[in-house]
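First the structure, in the form of structure tokens, and then the observations on it.
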Amino acid sequence: MHTLYFDGASRGNPGPAGAGGVIYDASGEEVDCYSLSMGKTTNNVAEYGAMLAGLNRCKELNIQELAVFGDSNLVINQMKGKWKVKSANLQSIYTQAQEVAQYFTSISYTHVYRKDNKRADAMANLGIDGAN
């Protein structure tokens, strides 16, 4: 099973934002990484953007089984269906993420602490820095 670690960051909330992530194969080898600018937005939108970009990247790589890890309790619990999506500006990106998630034969979502998500955090900050 492949793993996706994602992170979104915003300097200010809202402020300049970036998204990033890392994909690992079953042996823990890095397969791919990405970073992108999210423009000026909130941290939660950046987190969702990071996860959605990672899901799309995994789909492009024809990955079928995926374990998703992120340090956003909001994103992880909403994707698991434990929390409702109340924010109108998150509804669209949440719906997109749920649609892409249908592609995978197996997908799980797990919360990790920021200290265990450093590589994805670095990629998200690259996304912010690239926009400036």
Rounded to the nearest 0.05, what FRET efficiency do Glu99 and Arg119 have when you use their Cβ-Cβ distance and R0 = 30 Å?
0.65
P(r) tail fraction, segment 84-129 - alpha-carbon pairs more than 15 Å apart, %:
66
Amide H contacts under 5 Å for Tyr109, restricted to residues at least 5 apart in sequence or on another chain and with H modeled in the peptide plane, are Val68
Cα pair distances exceeding 21 angstrom across segment 1-106, given as percent
30
Using modelled backbone amide H atoms (1.01 Å from N, in-plane), which distant-in-sequence or interchain residues come within less than 5 Å of Phe104's amide H?
none
Given charges at Cβ of Lys, Arg, Asp, Glu: segment 63-132 dipole, positive-most of Met123, Trp83, Ile107:
Trp83
Lys, Arg +1 and Asp, Glu -1 on Cβ, resulting dipole of segment 2-131 about Cα centre, debye, nearest 20:
600
FRET efficiency for Ser92 and Glu60, Cβ-Cβ distance as r, R0 = 25 Å, nearest 0.05?
0.75
Helix hunt in the chain: which complete DSSP H runs extend at least 24 Å axially by C-alpha with mean Kyte-Doolittle at least -0.5?
43-60
So which chymotrypsin sites (Phe, Trp or Tyr not before Pro) in segment 93-124 end up in coil per DSSP with only 12 or fewer other C-beta atoms within 10 Å?
Tyr113
Extended-chain gain in nm, criterion 0.36 nm per residue less alpha-carbon gap, Val31 and Ser106:
25.1 nm
Among DSSP beta bridges lying fully in segment 2-131, give the percent that are antiparallel, nearest 5.
60
Pairs of Lys in the chain closer than 26 Å at Cα, counting only those 8 or more apart or on different chains
12
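No value in this document is a laboratory result; all are computed from the given coordinates. Note that the coordinates shown come from a computational prediction; the quantities given were computed from them, not determined experimentally. Don't worry about glycine lacking a Cβ; one is built from the backbone with ideal geometry, like all the others, and counts go over all protein chains shown.
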